[in-house]
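Participant: Take a look at this one; I'll ask things after.
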Amino acid sequence: RFPHADEVVVDWPHRYLEHTEVDARTAVCVLTHDAKFDIPLLRLALDLPVGYVGAMGSRRTHDHRLALLRETGVPADRLTRLHSPIGLDLGAHTPEETAVSITAEIIAHTNHGTGLPLSHGTGPIHPAPGALSPAARTAA
């Protein structure tokens, strides 16, 4: 069914992640909408040194997911790492637009950007290494 896939995995997501090498450049995106998959995977992902953890769903789903994660013993400081609902508000409607919205949030998070339009900032678009981005300066 997936002729262009580099790898097709048939396993529970959390079991696959347990045996996958991750680091600060790893992004874990949960898109299943099913707690039986989401909760074990998020519980593990929030405990790993990954750079980004996000989950799709409505705000109501997010609140329910947080309650379930708390019930399984995930501490509050770990829950703050969860980006949910996942993605930036781009007005996305199609799966492709949703993917761009999620990717944009991952890039903004990784580079400490705000996700605001560049037209809302001042100064150089590409600040010196270690300096705040224009949008971050404007927000501060």
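Participant: Taking the chain as the reference, fit the longest principal axis to its C-alpha atoms, fit the long axis of helix 95-110 to the helix C-alpha atoms, and give the angle between the two in degrees, 0 to 90, nearest 10.
Facilitator: So the inclination is approximately 70 degrees.
Participant: Would you mind checking the tilt of helix 59-71 against the longest principal axis of the Cα atoms of the chain, expressed as 0 to 90 degrees and rounded to 10?
Facilitator: Taking Cα atoms only, the helix is inclined about 60 degrees.
Participant: Another question, then. Per-residue accessible area for Arg15 at 1.4 Å probe radius, Å² rounded to 10?
Facilitator: For Arg15, solvent-accessible area is about 110 Å².
Participant: Would you check the accessible area of Glu7, probe 1.4 Å, heavy atoms only, in square angstrom rounded to 10?
Facilitator: It works out to around 120 Å².
Participant: Once all Cα-Cα distances of region 13-116 are split into 5 Å bins that start at 0, what whole-number percent is in each one?
Facilitator: Distribution as computed: 2, 12, 24, 24, 21, 12, 4, 0 percent.
Participant: Please get the size of the charge dipole for the chain, origin at its Cα centre, with Cβ charges of +1 on Lys and Arg and -1 on Asp and Glu, quoted in debye to the nearest 20.
Facilitator: Using Cβ point charges on Lys, Arg, Asp and Glu, the chain gives about 400 debye.
Participant: Another question about this same structure. Could you work out what % of the accessible surface of region 1-67 is carbon and sulfur, using a 1.4 angstrom probe and leaving DNA, RNA and ligands out of the count?
Facilitator: 53 percent
Participant: Could you tell me how far the Cα centroid of region 26-77 sits from the Cα centroid of region 80-105, in Å?
Facilitator: If we compute the Cα centre of each part, the gap is 15 Å.
Participant: Go through Asp34, Asp63, Asp89 and list them by solvent-accessible area, largest first, probe radius 1.4 Å.
Facilitator: Ranking Asp34, Asp63, Asp89 by accessible area, largest first, yields Asp89, Asp63, Asp34.
Participant: Counting only helical runs of four or more DSSP H residues, what would the 222 nm mean residue ellipticity of the chain come to if each run contributes -39,500 (n - 2.57) and the total is spread over all its residues?
Facilitator: -11500 deg cm²/dmol
Participant: Using Cα atoms only, what is the angle between the long axis of helix 35-45 and the major principal axis of the chain, expressed in degrees (0 to 90) to the nearest 10?
Facilitator: Taking the Cα atoms of the chain, the angle to 35-45 is about 60 degrees.
Participant: Moving on to the next point. Below 8 Å between Cα atoms, with a sequence gap of 6+, how large is the relative contact order for the chain in percent?
Facilitator: 16 percent
The values are calculated or read from the model by the stated rules, or taken from the named source; none is laboratory data. Because the structure is a prediction, the values reported are computed rather than measured. Counting neighbours? That spans all protein chains shown, and the Cβs are built from the backbone with ideal geometry, glycine included. Just the protein is used for accessible areas: all its heavy atoms, side chains included, with ligands, DNA and RNA removed. Shrake-Rupley method; radii C 1.70, N 1.55, O 1.52, S 1.80 Å.
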